[in-house]
Each structure stands twice: as C-alpha cells, then as structure tokens.
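Everything below concerns the one structure shown next.
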Amino acid sequence: MHVEADVRGAVEDRREVVERIRAVLDRLEFAEATEATEATGLTEFTDPKAPGGPGERASALTAASVSDDVLRRPAAIEAVHTAQRALRSGTPTREPLTALAAVLGRFAGDGPPALGPAEPQDHLRRSVSRALRSIPARRRDDGAPVTAGVVGWDAERRHVLVRAVDLLTGIWPEMVGELSETVAEVALLDGDAIDGFTDFTVHGVVLLHRDRLTTSASGLPGPVRCAEALVHEGTHNRCNAAAVAEPFLLPDPADGGATGADGGSAGSGGTGAAAPGALRVTTPLRADPRPLSGLFQQTVVLARGVLLYRRLAAPAMLRMPGTAERAVTAREARLTASARQAVDTLTAHSGALTDSGLALLGECAAVTRGRP
C-alpha cells in the first residue's frame with residue numbers, strides 16, 4: 001500500500017481478503033459436513049425447509065459455489081465472521097451456518113457491489129452497536145445517553161454524494177478507482193456519539209455522520225466535506241485490507257498476535273478492541289488513547305487528507321467562493337499539523353512496525369514535509 005491512491009494494489013488487496021474469506025468458508029464447509037456425517041451418516045446436510053420436507057436432501061453450500069462478488073458484500077463478510085466465531089467457540093454451528101447460507105444465497109447472481117449509498121440494514125445496525133461499545137459512554141445534560149444510529153438517505157444528501165464523487169474524479173481519479181475497489185456501501189449516521197467509522201466485521205462499509213455532507217461553520221462546502229470523509233473512511237478500509245497480506249505492525253505480545261477472521265489484525269478496524277495490556281498512545285483524532293494500530297491508520301488517513309486538500313487548493317481548482325477557498329486552505333493547514341503530530345508519535349514507536357509499515361510511514365512523513 002502507498003500513501004498515494006493505488007488502484008492495482010487495491011485490487012490485489014481485495015482479492016486477498018476474498019481468498020481469506022473463501023478459506024474460512026472451506027473450513028466451515030468441512031465442519032458442516034463432519035457434523036452431518038456424525039449425526040446422520042450422510043455426506044450432505046438435510047434441509048428442514050427443503051421443498052420435499054425435512055428428510056429431503058439439500059446440496060450443501062460449498063465455498064467453490066460462491067462468487068467473489070458475493071464475498072465482497074459487507075453483510076456476507078459479517079455472516080462469515082459470525083459463523084467462524086461459533087465454530088471456534090465449540091458451540092453448535094447449525095444456526096450461524098444456516099444464517100450464512102441465507103445471506104450468501106440472497107446475493108447469488110448479483111453483480112459486483114458498486115460504491116454508493118446504503119439504506120439502514122441489520123448488518124449496519126449491528127456494526128453501530130459494536131462501535132458504541134468500543135468508545136467511552138457519555139451522557140447528555142438531561143442524563144440521556146449519547147448514541148448513534150443508521151439513517152436513510154434523502155435526495156439532498158444523495159446529490160451531495162454524487163457531487164463529492166464527481167469532485168474526486170476531477171482532481172484525484174486514482175482515489176475514486178481505489179474507493180471503487182475497496183468500498184461497497186456508504187451508510188449515514190445520526191446522533192452525537194460517532195462522526196464516522198469503519199468496521200472490519202463488515203469490511204467494505206464506510207459510515208459517515210449525515211452532517212459531514214453539509215456546509216461547515218467555516219464555509220467548507222458539503223461536497224468537499226463528503227469527499228474528505230470518503231477518503232478518510234475509505235483509507236481505513238484500505239489499510240484493513242492491505243494488512244491482511246502484509247501487516248503494518250509486528251505481533252503484539254500483549255494480544256498474542258491475534259488476527260481477525262480474514263487474517264487481519266483483530267484491532268485493525270474502526271471498532272476493533274485492543275488487548276488490555278496493549279500500548280496506547282495519544283493521537284490527533286481521538287480524545288481517548290489509542291493502540292498503535294489506530295495511530296498507524298490515523299497517520300495514513302491524515303496524510304491522504306493533506307494530499308486531497310493540496311489538490312483542492314491547486315490554482316486550477318480554486319473556483320469556489322472566497323469563504324470556501326479560505327476554508328480549504330485552513331483545512332489543509334490543520335490536517336498537515338495533525339499529520340506531523342501523528343508521524344512524530346509513530347516514529348517514536350517505529351520499532352513496532354514491519355518493513356511495510358516503515359515504508360508507508362516514510363511516505364506519510366514525506367507528505368508532511370511538502371513532498372508527494
């Protein structure tokens with residue numbers, strides 16, 4: 001992975017994630033067949049909902065029968081995670097396997113997912129619940145909990161999303177290409193608890209607060225803010241995918257080098273929880289101390305944000321009202337300062353990085369010094 005957008009690398013990372021998911025399906029399929037054989041002596045499951053009745057044989061869902069396009073669906077990825085956790089726990093696996101088959105079957109025959117808006121769905125709601133559990137609880141002045149939820153897209157915000165993608169296509173087409181390979185769904189959030197996040201359990205989703213599609217108090221236009229949010233959250237997704245094949249951090253003795261269901265770092269996603277003994281550091285974007293995996297991703301996100309605003313601030317692109325131009329310039333300066341802070345902190349812990357992590361840190365550091 002590079003700090004500049006890299007479509008070819010994003011394609012390779014996506015394929016690696018799909019292959020890891022397919023490997024999980026292979027193990028689940030083997031477990032399913034073993035359970036059925038031990039229970040019935042058959043080599044196939046009998047489906048209680050099959051047209052011929054409970055005794056009718058049904059073809060087991062095989063890993064080979066599921067297309068790559070289906071395995072790119074965030075809901076399918078979540079179902080694989082859930083089934084794998086059940087298998088690892090030693091609990092009966094029929095229910096999550098049945099749910100997995102239902103999810104995979106729902107997308108059978110569909111084409112590849114396309115970058116675009118996603119309406120509220122169960123896998124998105126569950127993702128928000130996980131995110132809320134991963135952050136410190138807060139309460140409003142009236143005592144009610146500060147929370148968040150998935151909301152639908154109105155016509156105005158759909159239009160802003162289209163304009164944001166058009167804007168990126170004009171100034172950073174490689175980033176749009178990378179996002180198209182990495183992001184399958186863009187969901188909207190409301191509430192005061194979360195501004196936006198990603199979750200490796202539903203890899204391919206970016207969740208953005210609906211206010212990030214409106215003009216800011218400083219005059220930053222909604223499409224610009226949305227473009228930044230897509231780059232920001234899309235980069236988290238890309239980091240998660242890239243780390244599956246080439247981790248950026250060395251295994252942490254505090255968590256035993258644990259990995260997620262698809263081979264990624266267990267704490268790499270936006271909602272990942274680090275082990276209790278893991279090192280936590282101050283970061284530019286979060287008030288609470290974060291594990292090094294969080295700092296690493298913030299560093300890349302911030303460097304890419306700087307690259308975005310440099311493109312927006314280029315003389316040929318300054319066709320905005322004066323207030324918006326000043327807001328763009330101020331935003332670039334703020335992101336640059338935050339990126340420098342992140343680079344400095346991460347450099348102090350560079351001994352925890354792999355060669356891939358060190359190389360990407362070097363690219364981020366170059367961005368903060370004004371070089372591409």
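The values are calculated or read from the model by the stated rules, or taken from the named source; none is laboratory data. From a predicted model like this one, the values you see are computed outputs, not experimental measurements. All Cβ positions, even for glycine, are placed from backbone atoms using ideal geometry, and neighbour counts span all protein chains on display. Heads up: the accessible areas ignore ligands, DNA and RNA and are worked out on the full protein's heavy atoms, side chains in. Shrake-Rupley method; radii C 1.70, N 1.55, O 1.52, S 1.80 Å.
What is the one condition in (1) open to solvent by less than 40 Å² (accessible area, probe 1.4 Å); (2) aliphatic (A, V, I, L, M); (3) modelled with pLDDT under 85 that residue 135 does not satisfy?
The failed condition is (1).
hydroxyl-bearing (Ser, Thr, Tyr), touching a Leu at 6+ places or on another chain (Cβ under 8 Å), modelled with pLDDT of 65 or more and more than 26 Å from residue 115 (Cα to Cα): is that true of residue 283 in this structure?
So residue 283 fits the description; yes.
Each row is one residue, and each column tells you yes or no for (1) open to solvent by 30 Å² or more (accessible area, probe 1.4 Å); (2) at pLDDT 95 or above; (3) under 18 Å from the mean Cα position of the chain (by Cα).
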residue	(1), (2), (3)
104	no, no, no
112	yes, no, yes
202	no, yes, yes
218	yes, no, no
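Cβ-Cβ below 6 Å, separation at least six or inter-chain, first residue in segment 335-352 and within 13 Å of residue 368 (Cα to Cα) and of a type in the set (Lys, Arg), second part of a helix (DSSP H, G or I) and open to solvent by less than 30 Å² (accessible area, probe 1.4 Å): which pairs?
If the second residue must be part of a helix (DSSP H, G or I) and open to solvent by less than 30 Å² (accessible area, probe 1.4 Å), the pairs left are 340/368.
Of the residues 110, 141, which single one is within 25 Å of residue 22 (Cβ to Cβ) and of a type in the set (Asp, Glu)?
Checking each option against the conditions leaves just 110.
Condition first: closer than 14 Å to residue 2 by Cβ and either hydrophobic (A, V, I, L, M, F, W, C) or surrounded by 21 or more Cβ atoms within 10 Å (Cβ to Cβ) (or both). Now tell me which residues in segment 336-372 satisfy that.
Across segment 336-372, the qualifying residues are 357, 358, 359, 360, 361, 364, 365, 366, 367.
Quick check on residue 310: is it open to solvent by 40 Å² or more (accessible area, probe 1.4 Å) and touching a Ser or Thr at 6+ places or on another chain (Cβ under 6 Å)?
So residue 310 fails the test.
Inside segment 168-193, can you point out the residues that are open to solvent by 40 Å² or more (accessible area, probe 1.4 Å) and not polar (S, T, N, Q)?
The answer is 170, 173, 174, 181, 190, 192.
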